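For reference, the structure is listed below as structure tokens.
The values are calculated or read from the model by the stated rules, or taken from the named source; none is laboratory data. Quantities reported herein were computed from a predicted structural model and do not represent experimental measurements. Please note: Cβ atoms are built from the backbone with ideal geometry, for glycine as well, and neighbour counts cover all protein chains shown.
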Amino acid sequence: MIILTKAVFCLMLGFILSIFMGSIIVPFLHNRKIDQRLSIYLEEKHKSKSHTPTMGGLIFILPTLIIFFILVLINKIDFKLNTLIIILTFISYGLIGFIDDYLIIKRNNNNGLREGTKFLLQIICSIIFFYLFLKCDNEPLIWIHTLHIKLNIGWLYGLFILLVLTSSSNAVNITDGLDGLAGGLSLIVFITFGIITYNTTWLDGYDSIALFCFILSGSILGFLVYNVNPAKIFMGDTGSLALGATIGGIAILTRHELLLVLIGIVFVVETMSCIIQRIYYKITHKRLFLMTPIHHSFEKKGYKERDIVKYFWIVGLIASMIGIMFGVIL
């Protein structure tokens, strides 16, 4: 009951502060014309969104950090080195996304950070993650809990960390194409990992990481007040990269990297649709899907944006409930 009370309290704090933060950030960005730059392929369908502010990730990033560190300062949360790993991942990928958004706005096109530069920054973040990971006496194991399989892969685990962080951050970024889609799915995933993390009692700092998940969940919920259709603001790369990498980071620390594929199944499908489309086009010079990511294919078929988001949320929720069963019970 104490754990449930703490979780609800953190959710409430995150929600209230993000609502307040959004009431300041949304008009601030709108007045300074910090607008989303739409792809030329979406201009006709999403023309009404062309002047919607971006960088909305600040609405949930700032409240989460403020609340978390206040709770640390008043000794309500024990700050461990494993917790530092998650905080640094959250901040560093948020900064990468912020720089990318800033360059896109400054140049008035969709050319932000070069892919090589962005990947280099992600490599640096992964190296820091791996270094701190080993400093916490964490073993470089691929751990399949349900089958009780542990595979020590040594330094190769560093490459595995890079793969997980890069894949998860890009997956959320790719999914962020409809109002409330990536935000709602991320909310479901963080609540799920908050529950799973509370069960990983062997992990030093598990309780602080779980509370971080619930604070962030509340902040995302507050952000959705401004982001659901019709969106008053988009999270931008600032928010999507921060959310995706943090999801990956928590999956690594709790040793549920493989379970992440199930819990984040919608993110996986969205990403795979882009990869399959590109490969199929190179081989046949034809498109397998009407448009990717796959949520745009549903738009092309005539589905309403709100319906697509609603159905994708439902799929994500069902997958997460199954994930909790494997992550906590089995």
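The table below lists the values:
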read-out: When residues of region 152-168 are limited to those that are in a loop (DSSP other than H, G, I, E, B) and at negative phi, the one surrounded by the fewest Cβ atoms within 10 Å (Cβ to Cβ); value: TRP155
read-out: Criterion violated by ILE318 - all others in (1) closer than 30 Å to LYS150 by Cα; (2) touching a Phe, Trp or Tyr at 6+ places or on another chain (Cβ under 7 Å); (3) loosely packed, with under 14 Cβ neighbours inside 10 Å satisfied; value: (2)
read-out: Residues of region 102-151 satisfying the condition of being hydroxyl-bearing (Ser, Thr, Tyr), exposed (fewer than 13 other Cβ atoms within 10 Å of the Cβ) and part of a helix (DSSP H, G or I); value: TYR131
read-out: Looking only at region 145-164, and only at residues there that are β-branched (Val, Ile, Thr) and touching a strand residue (DSSP E or B) at 6+ places or on another chain (Cβ under 8 Å), the one that is nearest to THR83 (Cα to Cα); value: ILE153
read-out: Candidate set from region 12-50 (those that are over 24 Å from the mean Cα position of the chain (by Cα) and in a loop (DSSP other than H, G, I, E, B)); member that is modelled with the lowest pLDDT; value: GLU43
read-out: Residue in region 288-303 that is in contact with a helix residue (DSSP H, G or I) (Cβ under 6 Å, 6 or more places away or on another chain) and over 29 Å from VAL228 (Cα atoms) present; value: yes
read-out: Qualifying position, being under 30 Å from LEU253 (Cα atoms) and modelled with pLDDT under 95, among ILE318, ILE283, ILE329; value: ILE329
read-out: Region 228-256, residues that are within 19 Å of PHE312 (Cα to Cα), out of contact with any Pro (no Cβ under 8 Å at 6 or more places or on another chain) and buried (at least 24 other Cβ atoms within 10 Å of the Cβ); value: MET235, SER240, LEU243, GLY244, ILE247
read-out: Matching residues in region 60-99 - criterion: being outside any helix (DSSP H, G or I) and either within 18 Å of LEU203 (Cα to Cα) or touching a residue at least 12 places away in the same chain (Cβ under 8 Å) (or both); value: ILE77, ASP78, PHE79, LYS80
read-out: Single residue of region 187-225 satisfying the filter (surrounded by 24 or more Cβ atoms within 10 Å (Cβ to Cβ) and of a type in the set (Ser, Thr, Tyr)) that is nearest to LEU13 (Cα to Cα); value: SER219
read-out: Any hit, region 218-239, residues being at pLDDT 95 or above, small (Gly, Ala, Ser), part of a helix (DSSP H, G or I) and under 12 Å from the mean Cα position of the chain (by Cα); value: yes
read-out: THR292 vs. criteria free of Cβ contacts under 8 Å to residues at least 24 places away in the same chain, within 26 Å of THR54 (Cα to Cα) and surrounded by fewer than 24 Cβ atoms within 10 Å (Cβ to Cβ); value: yes
read-out: Scan of region 189-239 for residues that are of a type in the set (S, T, N, Q) and touching a residue at least 12 places away in the same chain (Cβ under 8 Å), ordered by number; value: THR192, THR197, ASN199, THR200, SER208, SER217, SER219, ASN227, ASN229, THR238
read-out: For PHE326: the one exception among (1) free of Cβ contacts under 8 Å to residues at least 60 places away in the same chain; (2) surrounded by fewer than 17 Cβ atoms within 10 Å (Cβ to Cβ); value: (1)
read-out: Qualifying residue in region 176-184 (condition: farther than 22 Å from SER92 by Cβ, touching a strand residue (DSSP E or B) at 6+ places or on another chain (Cβ under 8 Å), not in a helix (DSSP H, G or I) and not hydroxyl-bearing (Ser, Thr, Tyr)); value: no
read-out: Residue within region 198-215 that is closer than 14 Å to THR64 by Cβ, among the polar types (S, T, N, Q) and modelled with pLDDT of 95 or more present; value: yes
